[in-house]
Amino acid sequence: MKGIKCFLALPLLKLGWAFLKIGVVFFGGGYVLIPVIHREFVENLHWLSNREFLDGAAISQLTPGPIAVLATFTGYKVCGISGALIATVAAFLPGCLLMIFFSKSYSWLKEEESARKVLNTLIPAIAGLLIASAWMLGGKALANVGGAAMFVIALIAFILFKVNPIFLIAAGAVIGMAFRL
């Protein structure tokens, strides 16, 4: 019933507009969008609780295309199946249109000094958003001793022993369920 009600109502347009705006700033991968999505959907619009957001972000990391999964998850929660479809399409539409433009203009853009300068200034901004994502998720994830211990073990395993992140994520899921972290 929620999907039918949303299809005829303003929330579906609001959902599409929100994800369209996020899609416009979708540079550098899904992690840079985590603080943007959190602020918009948890703090401003109250479409997700902190717990729902963290669960959605964690689940989305287990799949290819984490932002697609998070967009679909949020859209479904807000407006059912129609919301999931609108949110997913709206999140990727700006990026797809930009890629079409850039792929047709690449030979011209690679020679332009101004285009190179713009791309070089995006890199620090993306790094800042990645750090903000780590800070935001880390603060919530390290709220207890178990989470902090898992963080340290995963960090050591990844940096020193080059353990594949897939195994670390799977181990974290199993340990989290076993100890209810």
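The values are calculated or read from the model by the stated rules, or taken from the named source; none is laboratory data. Predicted model only: the values in this text are computed from it and were never measured. We place every Cβ from the backbone using ideal geometry, glycine too, and count neighbours over all the protein chains shown.
Numerical summary
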item: Odd one out for residue 122, checked against (1) surrounded by 11 or more Cβ atoms within 10 Å (Cβ to Cβ); (2) closer than 20 Å to residue 54 by Cα; (3) of a type outside the set (Phe, Trp, Tyr); (4) modelled with pLDDT under 85; result: (2)
item: Residue match in segment 49-71 (condition: among the hydroxyl-bearing types (Ser, Thr, Tyr) and surrounded by 15 or more Cβ atoms within 10 Å (Cβ to Cβ)); result: yes
item: Any hit, segment 50-62, residues being within 10 Å of residue 19 (Cβ to Cβ), among the hydrophobic types (A, V, I, L, M, F, W, C) and under 14 Å from the mean Cα position of the chain (by Cα); result: no
item: Scope segment 66-96; condition of a type outside the set (S, T, N, Q), in contact with a helix residue (DSSP H, G or I) (Cβ under 6 Å, 6 or more places away or on another chain) and either more than 15 Å from residue 26 (Cα to Cα) or not in a helix (DSSP H, G or I) (or both); matching residues; result: 73, 75, 76, 78, 79, 80, 81, 83, 84, 86
